[in-house]
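The values are calculated or read from the model by the stated rules, or taken from the named source; none is laboratory data. Bear in mind the structure is a predicted one, so any value in this text is a computation, not a measurement. Glycine also receives a Cβ, built like all others from the backbone with ideal geometry; neighbour counts cover every protein chain displayed.
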Amino acid sequence: MFNKDIAFNFENLIKSIFKIKLLNYKIMKYIASLLLLPSIIFASSIGTNSIGFKVGQTNVGGEIDGVKGEWDGFGLELSGNFNITNQDKYGVDALFDATFGSGLEGPLGTESDVTKISGGLRPYMNLSGFVVFADIGFAHGEFEISGVDDASETSFAPGLGFELKLENLVIRPSVNWVEFGLGGDGTFFNLPISYSFNEKYDLTAKYDVASFDSENVPGLGAFNYIYDSITIGVDYKF
């Protein structure tokens, strides 16, 4: 009985610490920033015109002094890639993305709703068998948690990557960088892999993970972001 009481009290203490430090101090604003960035790179093959529909699992949150708070669940994504110009060695694509997540489950019985709209340009260059590209994009997102005011954020995230085609398989890894006001500098590693069934349809799976510098926040302690995501869907090329 004594051990059960200790475990029960410890669990309540952890929940109280997390509620005070993460919810009441509204770090949600910065977690909202975290949700904005990765899907700017979720486009179809470079130099094509396409629209896509995807579903996936996302895990997002924060950690303060070893106490983690995470929200995870399924979301829907609509995306598009439009080729603006395509010369022999270079070109430019325009990208857009809209992501919606509802009822992501988190700590203390909370649920979160996420809406994100992003767009940008992707200049690229063809280098004898593979393509290198840069991402120049902006994104706006809203993040709401039950019992906490809405949070919204607009952000800019530059990136670099390359595309390699192996017959019907296309691999397109990239890296995006961001600097938040809280939580330090962050790096997003993105790995989309597409399989082309024919000239019109691609099946695409993507994995994303973020790495952040831990930052000591006055009154809160050491803070760090948590993010990873996996999605799968179909791109229609026209």
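Summary table
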read-out	value
Condition met for Asp135 (more than 15 Å from the chain's Cα centre (by Cα) and surrounded by 14 or more Cβ atoms within 10 Å (Cβ to Cβ))	no
Filter result for the condition that a residue is small (Gly, Ala, Ser) and modelled with pLDDT of 75 or more, over Ala139, Ala157, Ala134	Ala134
Whichever residue in the range 76-112 is among the hydroxyl-bearing types (Ser, Thr, Tyr) and modelled with pLDDT of 80 or more and, among such residues, is surrounded by the fewest Cβ atoms within 10 Å (Cβ to Cβ)	Thr85
Test: residue in the range 58-76 that is without any contact (Cβ under 8 Å) to a residue 60 or more places away in the chain, among the aliphatic types (A, V, I, L, M) and out of contact with any strand residue (DSSP E or B) (no Cβ under 6 Å at 6 or more places or on another chain)	yes
Residue in the range 99-111 that is at negative phi, among the aliphatic types (A, V, I, L, M) and in contact with a Leu (Cβ under 9 Å, 6 or more places away or on another chain) present	no
In the range 51-75, residue modelled with the lowest pLDDT [restricted to those that are within 14 Å of Ile230 (Cβ to Cβ) and among the hydrophobic types (A, V, I, L, M, F, W, C)]	Val60
Among the candidates Glu167, Glu199, residue that is at positive phi and at pLDDT 80 or above	Glu167
Hits in the range 44-76 (condition: hydrophobic (A, V, I, L, M, F, W, C) and within 22 Å of Leu104 (Cβ to Cβ))	Phe53, Val55, Val60, Ile64, Val67, Trp71, Phe74, Leu76
Failed condition for Thr115, given (1) under 14 Å from the mean Cα position of the chain (by Cα); (2) modelled with pLDDT under 85; (3) surrounded by fewer than 16 Cβ atoms within 10 Å (Cβ to Cβ)	(3)
Selection status of Ile46, crowded, with 22+ Cβ neighbours inside 10 Å and at pLDDT 55 or above	yes
